[in-house]
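Readers should treat all values here as calculations from the given coordinates under stated rules, not as data from a laboratory. If you're wondering where the values come from, they're calculated on a predicted model, not measured in any experiment. In this analysis, Cβ positions are derived from the backbone assuming ideal geometry, glycine residues included, and neighbour counts consider all displayed protein chains.
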């Protein structure tokens with residue numbers, strides 16, 4: 001079972017037991033549990049439920065493992081023949097999450113068959 005969930009404005013594919021790096025969540029303490037209720041899609045062994053815009057009654061429960069910083073990214077600007085060069089570095093702050101479970105109500109897939117008129 002996996003789900004597509006929106007966390008801090010970004011969409012992630014999550015599965016139970018997987019680790020996930022998202023932008024830093026300042027309000028979440030290390031070791032605490034967080035819930036995300038903006039589940040956009042659920043897949044349970046081929047049975048897919050797409051939310052309009054979200055799946056009702058579904059949520060993702062995760063545990064905050066740590067707050068870390070990403071690798072340094074160097075941004076270099078140069079304008080040729082002008083002698084202009086600028087180097088800037090940046091490190092993004094991330095929160096590491098462990099996905100505990102995906103909670104969803106059982107759902108059925110409705111398939112409508114249309115008979116062709118002869």
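For this structure, a couple of remarks:
- Based on Cα contacts under 8 Å between residues 6+ apart, the chain shows a relative contact order of 30 percent.
- All C-alpha to C-alpha distances of region 44-89, sorted into 5 Å bins beginning at zero, yield P(r) values of 5, 11, 11, 10, 7, 7, 11, 9, 9, 9, 7, 3, 0 percent in whole numbers.
- Ranking of 25, 1 by neighbouring Cβ atoms within 10 Å, starting from the fewest: 1, 25.
- Calculated FRET efficiency, residue 74 to residue 103, Cβ-Cβ distance, R0 = 41 Å: about 0.45 to the nearest 0.05.
- Percent of alpha-carbon pairs separated by more than 26 Å within the chain: 42 percent
- Selected from 74, 40, 97 as most flexible by GNM, with the chain as the system and alpha-carbon contacts under 10 Å: 74
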